[in-house]
Amino acid sequence: MKVGIIGSGGREHAICHTLKKSNKVKEIYCFPGNAGTAEIAKNISIDLKDFENLKKFIISEKIDFIIIGPEKPLVDGIVDFLEKQKIKVFGPNKTAAQLEGSKIFTKNICEKYKIPTAKFGVFTNKKDANTFINNSNFPLVIKADNLASGKGVYICEEKNKAQEAINEIFDGKFGLAKNLLVEEFLDGEEMSYFIISDGKTIKNFGTAQDHKRVLEGDKGKNTGGMGAYSPSRLINNSLERKIINKIIKPTIKGLKELGTDYKGFLYAGLMIVKNEPYLIEYNVRMGDPECQTILPKLNSDLLDILLSCCEGSLDKTKINWHDKKSLSIVLCSKGYPEEFKKNIPIKGLNQIKLDNNMFCYHAGTKIIEKEVCSVGGRVLNFVYISESFSESRNEILKTLNLLNWDNGFFRKDIGHKVIKE
Ligand code: AMP
Ligand code: GLY
């Protein structure tokens with residue numbers, strides 16, 4: 001089978017690498033991929049907004065199955081478009097993708113089905129938003145409604161920060177803003193919970209804890225994710241039942257009532273407060289770096305699982321996991337998440353020994369004049385699976401010290417809440 005993967009991050013390299021293990025996969029195409037996927041797939045540089053051109057390529061190369069990694073093409077309706085052309089594709093359709101594309105869409109479902117989430121208000125102009133915050137207690141959370149790559153969220157300790165956030169959002173910092181959300185601040189610990197669904201059946205696809213802040217001790221600016229560990233230290237049977245019954249199932253029901261099934265990965269970003277789950281946000285895809293952290297533990301054929309979601313047979317498909325502790329650390333370009341240099345060679349990568357425990361997934365990398373170079377903020381993901389989080393972290397730190405890339409930095413404290421020093 002010929003398989004195509006849309007995306008260019010660590011998540012997509014991990015999906016590529018895991019699919020490669022399936023003896024049914026003959027060839028993989030990555031649109032556009034990175035230096036890591038180039039080793040196992042054909043990287044195709046194509047404008048992902050140009051669905052028509054993408055379709056022509058898929059048909060001319062006779063690619064049998066397309067997997068969508070990131071949210072943007074999902075929210076833009078790539079699944080609906082390809083399905084209309086009778087192309088088999090893994091991912092939710094445009095209606096379902098609003099769970100990530102519009103925070104207000106999700107909040108409305110939460111309200112209708114009594115899904116636990118932070119109390120909120122929606123505002124369409126600066127004046128009303130300001131009147132509301134003048135009468136509120138702090139901290140408060142202010143969010144842009146549209147896709148903002150995780151950056152359109154402000155945790156405001158005081159009124160002047162909230163006023164600043166309201167101005168920035170309505171002045172268009174994250175694109176045209178018709179709406180803004182003000183939310184109650186939830187004080188707890190975050191966890192990422194994943195399911196996979198074919199529209200009828202839902203199955204757990206792992207848990208993880210991401211480290212979104214750039215600095216050690218969870219300080220500094222928010223990033224796409226600096227490292228993660230799986231399973232989450234918070235998960236237990238009773239919490240899992242609550243997540244499924246109070247959050248996931250009512251959401252799927254809500255979508256059904258809107259006339260749509262959910263097919264694909266669904267990522268619930270949760271705040272856990274005293275073993276009670278609250279939905280912070282949905283993502284209609286795997287997390288990054290959670291995907292890289294979770295997939296090495298999979299002990300079943302990924303292609304079979306993803307295909308069964310398109311064929312409506314997930315109920316008959318086994319998803320087995322290794323009972324291991326997986327941890328990932330992201331090597332970033334110095335300066336990220338602000339300005340950083342690009343096209344910097346990363347020497348010595350081929351000296352790193354990868355095996356069944358150690359994985360290196362590329363993100364912002366590209367081959368330039370036969371050399372692997374950095375082209376993004378998050379550059380490489382190192383993942384290790386072992387019997388303990390502390391061993392996994394130590395092994396990665398040894399490797400990163402060996403690599404000693406002088407344009408890079410990374411957090412040494414990933415998993416600090418679960419690893420007792
Ligand atoms: P989001 O893009 O909605 O995931 O928000 C980004 C980050 O802001 C989350 O990962 C949380 O750390 C934080 N956050 C968002 N909403 C809330 C909330 N209501 N209470 C506390 N923290 C929040
Ligand atoms: N790790 C956070 C995300 O994928 O959105």
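The values are calculated or read from the model by the stated rules, or taken from the named source; none is laboratory data. Every value quoted in this text rests on a predicted model; they were computed, and no experiment measured them. Backbone-built Cβ (ideal geometry, glycine too); neighbour counts: all protein chains shown. Heavy atoms of the whole protein, side chains included, go into the accessibility calculation; ligands, DNA and RNA do not. Shrake-Rupley method; radii C 1.70, N 1.55, O 1.52, S 1.80 Å.
Miscellaneous remarks
- Condition check for Gly254: without any contact (Cβ under 8 Å) to a residue 60 or more places away in the chain and among the small types (Gly, Ala, Ser): no
- Sole residue being without any contact (Cβ under 8 Å) to a residue 12 or more places away in the chain and of a type in the set (Ser, Thr, Tyr), chosen from Thr131, Thr117, Thr124: Thr131
- Taking strands (runs of 3 or more DSSP E) as the structural unit, those lying wholly within region 331-396 and holding at least 3 residues that are crowded, with 17+ Cβ neighbours inside 10 Å correspond to 358-362, 371-374, 378-386.
- Among the residues making up region 215-229, those that are surrounded by 21 or more Cβ atoms within 10 Å (Cβ to Cβ) and either among the hydrophobic types (A, V, I, L, M, F, W, C) or within 12 Å of ligand 1 (Cβ to nearest atom) (or both) are Thr223, Gly224, Gly225, Met226, Ala228.
- Candidate set: region 288-304, residues that are assigned to a loop (DSSP other than H, G, I, E, B) and within 16 Å of ligand 2 (Cβ to nearest atom); chosen: the one surrounded by the fewest Cβ atoms within 10 Å (Cβ to Cβ): Asp288
- Selection status of Asp210, surrounded by fewer than 17 Cβ atoms within 10 Å (Cβ to Cβ) and either within 16 Å of ligand 2 (Cβ to nearest atom) or aromatic (Phe, Trp, Tyr) (or both): no
- Filtering region 76-100 to residues that are surrounded by fewer than 21 Cβ atoms within 10 Å (Cβ to Cβ) and in a helix (DSSP H, G or I) leaves Asp80, Phe81, Glu83, Lys84, Lys94, Thr95.
- Conditions (1) away from ligand 2 (no atom under 16 Å from the Cβ); (2) part of a strand (DSSP E or B): number failed by Phe205: (1)
- Residue match in region 273-280 (condition: more than 14 Å from ligand 2 (Cβ to nearest atom) and of a type in the set (Asp, Glu)): yes
- Within the option set Leu279, Leu255, Leu307, being open to solvent by less than 50 Å² (accessible area, probe 1.4 Å), closer than 19 Å to Thr117 by Cβ and more than 16 Å from ligand 1 (Cβ to nearest atom) holds for one residue only, Leu255.
- Hits in region 205-238 - residues which are basic (Lys, Arg) and touching a residue at least 60 places away in the same chain (Cβ under 8 Å): Lys212, Lys221, Arg233
- For region 178-193, taking the residues that are open to solvent by less than 20 Å² (accessible area, probe 1.4 Å) and touching a helix residue (DSSP H, G or I) at 6+ places or on another chain (Cβ under 7 Å), the one that is nearest to ligand 2 (Cβ to nearest atom) is identified as Ser192.
- The residues of region 24-36 that are within 17 Å of Ile63 (Cα to Cα), touching a helix residue (DSSP H, G or I) at 6+ places or on another chain (Cβ under 9 Å) and not basic (Lys, Arg), listed by number, are Val25, Ile28, Tyr29, Cys30, Phe31, Gly33.
- Scanning region 25-63 for residues that are closer than 22 Å to Tyr361 by Cβ, surrounded by 12 or more Cβ atoms within 10 Å (Cβ to Cβ) and of a type outside the set (A, V, I, L, M) yields Glu27, Tyr29, Cys30, Phe31, Pro32, Gly33, Asn34, Gly36, Thr37, Glu39, Lys42, Asn43.
- In region 261-276, the residues that are away from ligand 1 (no atom under 13 Å from the Cβ), open to solvent by 10 Å² or more (accessible area, probe 1.4 Å) and more than 22 Å from Gly227 (Cβ to Cβ): Asp261, Lys263, Lys274, Asn275, Glu276
- Each residue in region 146-177 was checked for being closer than 21 Å to Leu74 by Cβ and open to solvent by 80 Å² or more (accessible area, probe 1.4 Å), and 3 of them qualify.
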